[in-house]
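Participant: Sharing a structure here in structure tokens format.
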Amino acid sequence: MATRLLCWCIGGGALVQLLLPRWGDREGFTPIFRFLLRYYDAQGNLLLLAIAVCAWLLRKRSAAFAVVRFAAERPWTIAAALFPLLCLGSLRAYHAYPLSMDEYADVFQAQVFAAGRLSGAFPLELLDRLIPPYFQNAFLAVSRASGEVSANNWPGFSLLLAPFAGLGIAWAANPAIGALTVPALHRLAKQVTGSQEAAGWAVALMVASPVFVLSSVSFYSMQASLLLHVLYAILLLQPTVPRALLAGVIGSVALTLHQPVAHLLFFLPFVAWLALRPGSARILAALVAGYLPLSIPLGIGWYVHLEDLMHVDKGALLDAQAPLHAIFARIGNVLHLPGLLTMDARLAGLSKVWTWAVPGLVVLAGYGYATGRAATPVRVLGAALAVTFFGYFLFRVEQGHGWGYRYLHSAWFVLPLLAAVFLSEPRRREQDGELRAMAAWAIVISLVAANAQRLVQAEVFISQHLSQVPPLAQAPRPGQRELLFVNPDAGSYLLDVVQNDPFLRAPRIVLLLQDSASTAELVQRKFPGFTLTARGGWGELWTGPRDN
């Protein structure tokens with residue numbers, strides 16, 4: 001069986017390696033999506049092939065089982081040790097920097113919430129310099145009348161970030177969420193299988209997969225979605241009225257975390273199972289009741305706030321049903337029957353599931369589902385994973401930037417859990433010691449090598465991105481105020497570096513450069529005392545008088 005798994009890894013890895021250049025040249029994909037597929041994922045895939053071979057060669061040695069046993073017995077110890085390591089990764093590898101506009105918008109809104117406000121405030125005259133017009137009312141909703149600004153997505157994740165943002169450590173939020181996911185998945189795996197060993201396999205496979213680690217050091221909302229869905233499954237797979245009520249509350253946060261689609265897709269198999277399960281009427285009622293208190297203000301209420309912000313005529317009365325109609329219309333704008341481009345994007349995403357995990361995880365999960373499908377929890381979780389994957393075929397957008405496959409991450413934890421079902425099966429323990437040893441060695445090597453590779457890739461990518469504008473490579477000197485005007489044509493994705501505190505409280509303000517004459521006139525008029533200290537193809541740096 002170990003040799004069969006090696007063949008799966010070699011065959012699957014070879015197929016992915018052949019397809020990645022094709023997707024890397026695919027017209028219609030965003031440049032960043034193509035770049036990551038062609039270069040970073042290709043490099044990751046080659047390393048996974050090497051890890052699979054090394055793990056197979058070590059299959060007769062049992063030392064790696066110690067890692068699985070430790071994960072089975074000490075999930076909270078792992079979480080406690082993982083948190084500072086993830087914080088270090090967030091600071092060093094990720095530069096504590098919200099790289100993409102998705103990440104920046106959530107951090108921006110978290111800083112607004114931490115200040116006790118719903119919206120940031122920018123001077124109207126500077127609005128188009130502080131927020132590139134291309135991003136206005138896309139990532140950030142703006143008022144052309146008042147200069148108020150809010151993130152143009154649902155606010156759940158920003159609310160979770162807000163306490164950290166208030167302390168100036170927004171970079172620590174996802175490490176905390178990632179660490180808490182360890183005991184949560186341990187609990188779910190033990191609940192589903194009745195086996196502590198299976199819980200150890202699930203935790204070890206998760207932590208050794210680079211998609212988990214990189215998501216835990218980034219500013220993306222997917223790691224929070226994953227944790228909330230683990231908790232949701234823990235509650236609903238053993239349903240009672242109180243547990244369903246609490247699941248509804250957790251589900252309402254997941255629903256309004258960033259966008260609702262990920263949770264709606266995960267939710268469907270659970271509600272279908274409960275609806276067909278005899279005597280579940282009270283449980284379903286409790287589940288719905290749990291959703292209402294937070295879904296209304298964070299979903300519909302937030303949408304009303306954004307509509308009010310983006311429309312100049314604030315005196316117009318909103319139809320009571322207008323927010324719901326508009327929300328469904330917004331979803332409908334991206335809902336389409338899948339075309340060739342969408343299908344290519346989803347298959348490319350599937351390749352990311354392969355290249356961002358422990359070698360053979362997808363294969364082991366498939367075996368796990370076949371082994372355990374007689375159990376209701378396995379069928380429901382397998383359905384949640386499948387519905388999440390295939391549901392996104394109806395959405396024509398592709399993820400753009402992102403570590404791993406962002407559109408599956410909300411249900412990704414099902415893969416290590418299903419693999420754990422297979423690896424912990426009693427017959428497997430007796431007959432397939434070499435397969436289990438190979439999987440354990442793949443975990444140990446991936447934990448170090450695959451995670452290190454992906455962390456280095458992220459660090460190099462972010463460093464190179466920021467180095468396109470040299471002043472961004474270092475923070476302002478203490479007491480020094482700076483105006484950094486960026487030429488967006490001087491490099492790749494430079495519109496994304498125009499990031500600012502929502503109330504312009506930071507020592508550095510980043511603006512779009514238009515032309516030198518208008519910039520000098522603007523600085524003289526709005527920022528007297530600032531002087532031009534550096535200029536290049538990237539833009540201009542103006543520094544103000546030092547604070548006493």
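Participant: Take Ser280 and tell me if it is surrounded by fewer than 19 Cβ atoms within 10 Å (Cβ to Cβ) and of a type in the set (S, T, N, Q).
Facilitator: The answer is yes for Ser280.
Participant: Let me ask something else. So, in segment 531-541, exactly how many residues are among the hydrophobic types (A, V, I, L, M, F, W, C) and either within 35 Å of the chain's Cα centre (by Cα) or over 24 Å from Gly491 (Cβ atoms) (or both)?
Facilitator: 2
Participant: Something else: Scanning segment 143-154 for residues that are of a type outside the set (Gly, Ala, Ser) and within 22 Å of Tyr220 (Cα to Cα), which turns out farthest from the chain's Cα centre (by Cα)?
Facilitator: Result: Val149.
Participant: Which residue, of Leu126, Leu82, is closer than 30 Å to Ala189 by Cβ and either in contact with a helix residue (DSSP H, G or I) (Cβ under 8 Å, 6 or more places away or on another chain) or surrounded by 20 or more Cβ atoms within 10 Å (Cβ to Cβ) (or both)?
Facilitator: Every option except Leu82 fails the conditions.
Participant: Okay, moving on. Exactly one of these conditions fails for Gln514: (1) within 27 Å of Gln111 (Cβ to Cβ); (2) within 29 Å of the chain's Cα centre (by Cα). Give me its number.
Facilitator: (2)
Participant: Another question about this same structure. Out of the residues in segment 424-439 meeting the condition of being in contact with a Leu (Cβ under 9 Å, 6 or more places away or on another chain) and not aliphatic (A, V, I, L, M), tell me which one is surrounded by the most Cβ atoms within 10 Å (Cβ to Cβ).
Facilitator: This residue is Arg436.
Participant: Now for a separate question. Inside segment 354-397, can you point out the residues that are farther than 20 Å from Phe266 by Cβ and either aliphatic (A, V, I, L, M) or touching a His at 6+ places or on another chain (Cβ under 6 Å) (or both)?
Facilitator: Within segment 354-397, Val358, Val363, Leu364, Ala370, Ala374, Arg396 qualify.
Participant: Another one. For segment 1-39, which positions are within 30 Å of Arg427 (Cα to Cα) and assigned to a helix (DSSP H, G or I)?
Facilitator: Selection gives Ala2, Thr3, Arg4, Leu5, Leu6, Cys7, Trp8, Cys9, Ile10, Gly11, Gly12, Gly13.
Participant: Quick check on this structure: which one of Tyr104, Tyr94 is in a loop (DSSP other than H, G, I, E, B), at pLDDT 95 or above and under 21 Å from the mean Cα position of the chain (by Cα)?
Facilitator: None of the others qualify; the one that does is Tyr94.
Participant: Would you check which residues across segment 101-123 are more than 17 Å from Ala162 (Cα to Cα) and either basic (Lys, Arg) or crowded, with 20+ Cβ neighbours inside 10 Å (or both) and list them?
Facilitator: Met101, Phe122
Participant: Can you confirm whether Ala72 is in contact with a Leu (Cβ under 9 Å, 6 or more places away or on another chain), at pLDDT 95 or above and part of a helix (DSSP H, G or I)?
Facilitator: When the stated conditions are applied, Ala72 does not pass them.
Participant: In segment 494-517, how many residues are aliphatic (A, V, I, L, M), part of a loop (DSSP other than H, G, I, E, B) and loosely packed, with under 15 Cβ neighbours inside 10 Å?
Facilitator: 1
Conditions (1) closer than 30 Å to Tyr39 by Cβ; (2) in a helix (DSSP H, G or I), marked per residue:
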| site | (1), (2) |
| --- | --- |
| Phe422 | no, yes |
| Arg428 | no, yes |
| Glu434 | no, yes |
| Arg454 | yes, yes |
| Ile462 | yes, yes |
| Ala475 | yes, no |
| Asp489 | yes, yes |
| Thr519 | no, yes |
| Val523 | no, yes |
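Participant: Would you check if there is a residue in segment 22-44 being on the phi > 0 side of the Ramachandran plot and at pLDDT below 95?
Facilitator: yes
Participant: Sticking with this structure for a sec: Pick from Asn174, Asn153: which is at pLDDT below 95 and either buried (at least 24 other Cβ atoms within 10 Å of the Cβ) or not β-branched (Val, Ile, Thr) (or both)?
Facilitator: Within the list Asn174, Asn153, the selection yields Asn153.
Participant: From the list Gly391, Gly402, Gly479, exactly one residue is of a type in the set (Gly, Ala, Ser), over 16 Å from Trp356 (Cα atoms) and not in a helix (DSSP H, G or I). Which is it?
Facilitator: Gly479
Participant: Go through segment 136-167 residue by residue and tally those that are assigned to a loop (DSSP other than H, G, I, E, B) and either hydrophobic (A, V, I, L, M, F, W, C) or in the same structural domain as Ser295 (by TED's automatic domain parsing) (or both).
Facilitator: Number satisfying all stated conditions: 5.
Participant: Of the conditions (1) farther than 30 Å from Arg69 by Cβ; (2) assigned by TED's automatic domain parsing to the domain that holds Leu274; (3) in a helix (DSSP H, G or I); (4) of a type in the set (A, V, I, L, M, F, W, C), Val397 fails just one. Which one is it?
Facilitator: (3)
The values are calculated or read from the model by the stated rules, or taken from the named source; none is laboratory data. Computed from a predicted structure; not experimentally measured. Every residue, glycine as well, gets a Cβ built from its backbone with ideal geometry; the counts of neighbours run over all protein chains shown.
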